[in-house]
1. If you check Pro38 against the conditions, is it part of a strand (DSSP E or B) and more than 30 Å from Pro4 (Cβ to Cβ)?
2. With assigned by TED's automatic domain parsing to the domain that holds Arg6, over 27 Å from the mean Cα position of the chain (by Cα) and at pLDDT 85 or above as the only criterion, which of Gly35, Gly31 stands out?
3. Which numbered condition in (1) outside any strand (DSSP E or B); (2) under 29 Å from Leu51 (Cα atoms); (3) among the charged types (D, E, K, R) is the only one that Arg6 fails?
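The values are calculated or read from the model by the stated rules, or taken from the named source; none is laboratory data. From a predicted model like this one, the values you see are computed outputs, not experimental measurements. Heads up, the Cβs are rebuilt from the backbone with ideal geometry, glycines too, and the neighbour counts pull from every protein chain shown.
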Amino acid sequence: MIGPVRLSAEAAYLPYASFKGEDNHFLPDSGALDGVFPEWGHDRGVQNHCLRSVSCIKNSKRLLRQFSGLLRHLICYAVFNVARSF
């Protein structure tokens, strides 16, 4: 984390992947099966994922604690009022 900016990245490499299955299509009006189409394949691949997030609020942890405390009080108040009405 660099100040309010957080950077993260992930990568995955698949040296070999194989797939065999079928694709079912249904008619939109009746819902009856229109056809079954076989699918298969093999390949290799790489997947990358990068994320940059910016904290817009200074002291966000403190505010989150205060909000969760307020939320707990509201839930207890609602439960108490519902229980009291029975």
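1. On the way: part of a strand (DSSP E or B): yes; more than 30 Å from Pro4 (Cβ to Cβ): yes.
Answer is yes for this residue.
2. On the way: Gly31 fails: at pLDDT 85 or above.
So the residue among Gly35, Gly31 that is assigned by TED's automatic domain parsing to the domain that holds Arg6, over 27 Å from the mean Cα position of the chain (by Cα) and at pLDDT 85 or above is Gly35.
3. (1)
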